[in-house]
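**Student:** For reference, the structure I am asking about is given below.
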Amino acid sequence: MTKEELQIVNGCKKGNKRSQYKFYEMFKKLVFSVTMRYAKDVPEAEDIVQDAFVVLYRDLYQYKPIGALGAWVRRVAVNTSLQHIRKKRMVFSDVEIYTLAEKMEGDDMILGQLHADEIMRMVQLLPDGYRMVFNLFVIEGYNHKEIASQLNISVNTSKSQLSRAKKYLQKILETALA
């Protein structure tokens, strides 16, 4: 943590509006980019951003300046996104798992031809369950056991949702590139 970040955090803990504004300016892009991966659209992401900053300001006293401040902010943004989706009572279908292909065939070549914002739009087209598991596994690096715990689903459901998300994305990519 830099000296400036420490000053801003301490100011936020004291309720200093200028420090809170600096904190917001410092992390608004990070929080928005995280929430966009979980939201269906920009308005929903903006709602989650607001909720995330409320949580960040409220829980800032819990942050220990041992780790990176940005990593903690990102974790709060992910958790706030997950809570938002849980409130919508997202339903997962619990299905039997067969052989899963952990990667779409040729995905590196296809994805290399697309811009990040195009990929983001495609991920946002995924149904909620698929999108949540895909983001947690592929983007955030959680394993299926952690995802199952976070989303209160079975490990098999997590694997199934990831497999289905990849197949869904593959169809979207094939359509876009056709």
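**Student:** Hey, among the residues in segment 143-163 that are surrounded by 19 or more Cβ atoms within 10 Å (Cβ to Cβ) and out of contact with any Ser or Thr (no Cβ under 9 Å at 6 or more places or on another chain), which one's modelled with the lowest pLDDT?
**Tutor:** ILE153
**Student:** Still on this structure: Do you know which residues across segment 18-67 are over 16 Å from the mean Cα position of the chain (by Cα), among the basic types (Lys, Arg) and either modelled with pLDDT of 90 or more or buried (at least 16 other Cβ atoms within 10 Å of the Cβ) (or both)?
**Tutor:** Those that are over 16 Å from the mean Cα position of the chain (by Cα), among the basic types (Lys, Arg) and either modelled with pLDDT of 90 or more or buried (at least 16 other Cβ atoms within 10 Å of the Cβ) (or both): ARG18, LYS22, ARG58.
**Student:** Can you spot a residue in segment 54-62 that is more than 21 Å from LEU151 (Cβ to Cβ), without any contact (Cβ under 8 Å) to a residue 12 or more places away in the chain, of a type in the set (A, V, I, L, M) and not assigned by TED's automatic domain parsing to the domain that holds PRO127?
**Tutor:** Yes, that holds for at least one residue.
**Student:** Determine whether segment 99-114 contains at least one residue that is surrounded by 13 or more Cβ atoms within 10 Å (Cβ to Cβ) and modelled with pLDDT of 90 or more.
**Tutor:** Within segment 99-114, not a single residue is surrounded by 13 or more Cβ atoms within 10 Å (Cβ to Cβ) and modelled with pLDDT of 90 or more.
**Student:** Now for a separate question. Please go through segment 139-151 and give me each residue that is under 15 Å from SER81 (Cβ atoms) and in contact (Cβ under 8 Å) with a residue 12 or more places away in the chain, ordered by number.
**Tutor:** Answer for segment 139-151, where residues must be under 15 Å from SER81 (Cβ atoms) and in contact (Cβ under 8 Å) with a residue 12 or more places away in the chain: ILE139, GLU140, ILE147, GLN150, LEU151.
The values are calculated or read from the model by the stated rules, or taken from the named source; none is laboratory data. If you're wondering where the values come from, they're calculated on a predicted model, not measured in any experiment. Don't worry about glycine lacking a Cβ; one is built from the backbone with ideal geometry, like all the others, and counts go over all protein chains shown.
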